[in-house]
Every structure is written in C-alpha cells, then in structure tokens.
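Structure record follows, encoded as structure tokens.
The values are calculated or read from the model by the stated rules, or taken from the named source; none is laboratory data. Computed from a predicted structure; not experimentally measured. We place every Cβ from the backbone using ideal geometry, glycine too, and count neighbours over all the protein chains shown. Surface areas here come from the heavy atoms of the whole protein model, side chains and all, with no ligands, DNA or RNA. Shrake-Rupley method; radii C 1.70, N 1.55, O 1.52, S 1.80 Å.
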Amino acid sequence: MSTHSKRKHIKAVSQKVKLFRANEPLLSVFMWGVNHTIGALSHVNIPVMLMPDDFKAFTKTRVDNQFFNKENMPSHFKVKEYCPLVFRNLRERFGVDDSDFVNSLTKSQPIMAKYQGRSGGGGRILLSYDKKYIVKTSCPEEVEQMHHILKPYHQYIVENHGQTVLPQYLAVYRLTVEGGETYIIVMRHLFSQNLPVHKLYDLKGSTVDRQATDKEKAKEFTVYKDNDFIEDGIKIQIGSEAKERFVSKLTRDVEVMTSFLKIFMFCAIVL
C-alpha cells in the first residue's frame, strides 16, 4: 500500500513598502518623517504624566545614501521632531487619532491652500489632501516662541478638556533637505472639508491697519480683515446657547493669551 503526500506551494509575497510621492523633495521628506516618527512613537509607552524634560525633548533621524524611491526622495536628509510625547498628548486631547493623522498627511502630498495672506513667520500654508490639517512652513523664531509657551499651552488645553478656539497645535518638525533647514508646524484645519469657502476674513480684534489692500483684493482668493468685516455688515447667527459657549471659550482664550504675551515679553528681556 503506497501513500502519496501533497505539497502545498506557497507563493512568496514581498512586503509592500510605502511610497511618499510629492512634487518636491521637501514634501516627500515631510511625509516620510510623519510616518516614521509617529510609527516609532507607537512603541513608546504612554506616561502617566508628562515630565518637565518632555517639553525640551526631541528626536533626530538622519538618512544617508537612501536609494529606495529615489525619484521622489533625496538620498540625504534629516528629520527632527520636537517634544514628541507632548504633541502626542495634545493630539489625544484634541481627539486626533494617530493612525488617521498619519494617513491624512502621507496618503497623498499636502496641497497649497488658497488663502496664503501674510502668514506669520513668512511661510507657506498647505493643507493635507483631505483638508483636515494645516501644514505651515515657519521660521526658527516662531518655533522658539512656541517652545516658550508650550508648557502653559498644554496645561491650558488639559484643564479645559481641549475646548478652545486657539490654534490646535499637533506636531512640530525641522527638516534638513539639500542643505537647507525648514521648520514645519502642523495644526488642525477647522474649516469644513465638505463646504466650499466663498469669502474668508482674518479677524484679529483690531481696526488698526486691518483692511485688505488693493493688491490683496486682486488675488484669486482674497483674505479680508477686520475693517472689511465691519464695512460688509457681516452678522453671524449661531443662536443664544452657542453664542454663550463661544463667548465663554473666547474670554478664557483671551485671558490665557495675555499670560502668553507676558511670557514673550519676559523671554525678550532675558535674551
């Protein structure tokens, strides 16, 4: 009696490697950096509480002689992530899931926002492909200012359970590409992803030099200012309950911004 055994042929499948395609090396490195840093952070235990050193911490990654995906990625670059545990905690406070965060910023390259205006720090304003997040290139001075207020800002967000109309800061990076350094701040984009924006006002709460110039009005997408808002007679109807909640948030935010301003002044005197 003979027996026959059947061999099961198993086809080897190579691991799928994620590509970061963008029309410029800086954005490809940014996408790679987000994927790498958030992925590395997923293996770090969440601390019970943040320590003072967490507000000074950073991670650095240097890549040399990178040949994979060389059509989109430079062969040499560096990625520095500032205060990774602090910003992970802030994302959690703001209800941002890290896997969704990575997907929004790496599935497709960020796109240029229509409303550039005169961005603080002289940088570009981009949006994630799904318009959930703002990717803003910045200057060293602006990142340094953020470092000064990060601890009180985090404390404020924790105490108010993420309920604020202040910018929601989610990550800060420094990218070194082709010998140049670029600072990037990632924030939540608060406009609707589904409804188109027909007119945009940048309101500072001041009427001094707060009107769009003729040059700004000639742009394809004009960012109007406080005096334009007043002259246009704009009124926003949100109901009495929503108004009360909004004014309460705004009042708290103004008070904490005043304390931040004192921190800036103190740092300027010290420097």
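Please state the relative contact order of region 86-216 as a whole percent: Cα pairs under 8 Å, 6+ residues apart?
Reported as a whole number, the value is 24 percent.
With every protein chain left in place, what is the accessible area of residue 240 in Å² (1.4 Å probe, nearest 10)?
90 Å²
Taking all protein chains in place and a 1.4 Å probe, what share, in percent, of the accessible surface of region 42-185 do carbon and sulfur account for?
52 percent
Give the relative contact order (percent, whole number) for region 17-112; include only Cα pairs under 8 Å separated by 6+ residues.
39 percent
Quick one: accessible surface of residue 184, probe radius 1.4 Å, all protein chains present, in square angstrom to the nearest 10.
Its heavy atoms expose roughly 0 Å² to the probe.
Tell me, what is the per residue accessible area of region 18-96 in Å², probe radius 1.4 Å?
So region 18-96 comes to 55 Å² accessible per residue, rounded to a whole number.
So, by mean Cβ neighbours within 10 angstrom, what's the order for 212-218, 23-29 with the highest one leading?
With the highest mean Cβ count within 10 Å placed first, the list reads 23-29, 212-218.
Rank these residues by their accessible area, most exposed first, probe 1.4 Å: 38, 236.
Highest to lowest solvent-accessible surface, that is 236, 38.
Rounded to a whole number of µm²/s, how large is the Stokes-Einstein D of region 131-267 at 25 °C and 0.890 mPa s, given Rh as the Kirkwood radius over C-alpha pairs?
138 µm²/s
Could you provide, to the nearest whole Å², the per residue accessible area of region 139-271 with probe 1.4 Å?
In whole numbers, region 139-271 has 66 Å² accessible per residue.
Using a 1.4 angstrom probe on the protein heavy atoms only, could you order 53, 253, 232 from most to least accessible area?
Sorted by accessible area, descending: 53, 232, 253.
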